[in-house]
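Chemist: Before I ask anything, let me first share the structure, which is written out below as structure tokens.
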Amino acid sequence: METDTASCIKNHIKSVQRKLSVLIKELQNRLENHDRSKLEDELWYWEFMDQEPKYPYGSKEYFSKIKRNKMVFKMHYKKNRHHPEHFMNGINDMNLIDIMEMLCDWISYKDDISITDAVEVIEKQSRRFGFSDELKNILLNTLFEYFAKLRMPSEEHSVPMLNEEIPMAL
């Protein structure tokens, strides 16, 4: 026989699961559509910029390239809410899903990023955007807790993703 306490706990669990499923669906949407605008109406601009070397993320040359191509980046930021520049008030207008995608974007600028380089990116970007120490620590904790696992050979960390072939236009 189930007690009232057990019933309340089960109802609470179901309520949390429903709310988490909303977040999971949005994360799946971000997984499937991250930076799609680069493959659509922005492709020509990115191809033009790629004639120039790819500078280290966060370097003076990197920011100089952004400044020279500010129209392209402005267009990209406008269409992609995982960039603080998308919002009038930067990070203060972002939500947790935006921040999660932003972190993944930062630490994916190269496939084989080391934890040390990823920490440096988080440190530099946190200063650049004026993040609080609390937010910077949350980003670092997330890096250490979850993304260090990407270095471990294991199928248990994989999730269903897009097919190998990403269509040019949706």
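Readers should treat all values here as calculations from the given coordinates under stated rules, not as data from a laboratory. Everything quoted here is computed from the prediction, not taken from an experiment. Heads up, the Cβs are rebuilt from the backbone with ideal geometry, glycines too, and the neighbour counts pull from every protein chain shown.
Chemist: Between the alpha-carbon centers of segment 1-54 and segment 55-78, tell me the distance in whole angstrom.
Modeler: 26
Chemist: Helix 133-146 versus the longest principal axis of the chain: what is the Cα-based angle in degrees, 0 to 90, to the nearest 10?
Modeler: Roughly 80 degrees, rounded to the nearest 10.
Chemist: Holding the Cα-Cα limit at 24 Å, pick out from Lys70/Lys149; Lys79/Lys149; Lys60/Lys149; Lys65/Lys124 the pairs that are longer than that.
Modeler: Where the Cα-Cα span goes over 24 Å, the pairs concerned are Lys70/Lys149; Lys79/Lys149; Lys60/Lys149.
Chemist: I've got another one for you. When we measure straight from the Cα of Lys14, which lysines land under 22 angstrom away, once same-chain ones fewer than 8 places off are left out?
Modeler: Lys25
Chemist: I'd like to know which of His86, Ser37, Pro53 lies farthest towards the positive end of the charge dipole of the chain, counting +1 on Cβ of Lys and Arg and -1 on Cβ of Asp and Glu.
Modeler: Of His86, Ser37, Pro53, it is His86.
Chemist: Something else: About its Cα centre, what dipole magnitude does segment 1-79 give when the only charges are +1 on Lys and Arg Cβ and -1 on Asp and Glu Cβ, stated in debye to the nearest 20?
Modeler: 340
Chemist: Let me ask something else. For a protection proxy built on the mean count of beta-carbon atoms within 10 angstrom, sort 44-50, 74-80 highest first, please.
Modeler: 74-80, 44-50
Chemist: For segment 26-124, what class follows from the C-alpha gyration tensor (a ≥ b ≥ c being the square roots of its eigenvalues): rounded when a/c is under 1.5, otherwise prolate if a/b is larger than b/c, else oblate? Don't jump to the answer; show the numbers that get you there.
Modeler: Numbers: a/c = 1.39, a/b = 1.09, b/c = 1.28.
Cα axes put segment 26-124 in the rounded bin.
Chemist: Now, a different point. Which value, in debye to the nearest 20, gives the size of the charge dipole of the chain about its Cα centre, when Lys and Arg are +1 and Asp and Glu are -1 at the Cβ? Kindly include the intermediate steps, with their values, before the conclusion.
Modeler: Values: 25 positive and 29 negative charges, 127 e Å.
So the dipole magnitude of the chain works out to roughly 620 debye.
Chemist: Between Lys70 and Asn137, what is the label-point separation in nm under the 7 Å Cα-to-beta-carbon projection?
Modeler: 3.6
Chemist: Which value in Å does the Kirkwood hydrodynamic radius of segment 4-82 take, with 1/r averaged over all unlike C-alpha pairs and then inverted?
Modeler: Final number for the Kirkwood radius of segment 4-82 is 15.9 Å.
Chemist: Still on this model: When the Kirkwood radius is taken over all Cα pairs of the chain, what Stokes-Einstein diffusion coefficient follows at 10 °C and 1.306 mPa s, in µm²/s?
Modeler: 86
Chemist: With the dipole of segment 54-134 worked out from charges on the C-beta (+1 for Lys and Arg, -1 for Asp and Glu) around the Cα centre, which of Phe63, Leu96, Ser114 lies farthest toward the positive end?
Modeler: Final value for the positive-end residue is Phe63.
Chemist: Given contacts defined as C-alpha pairs under 8 Å and at least six residues apart, what's the relative contact order of the chain, whole-number percent? Spell out each step's value before the answer.
Modeler: Numbers: 80 pairs, mean separation 32.8, N = 170.
Contact order relative to length: 19 percent.
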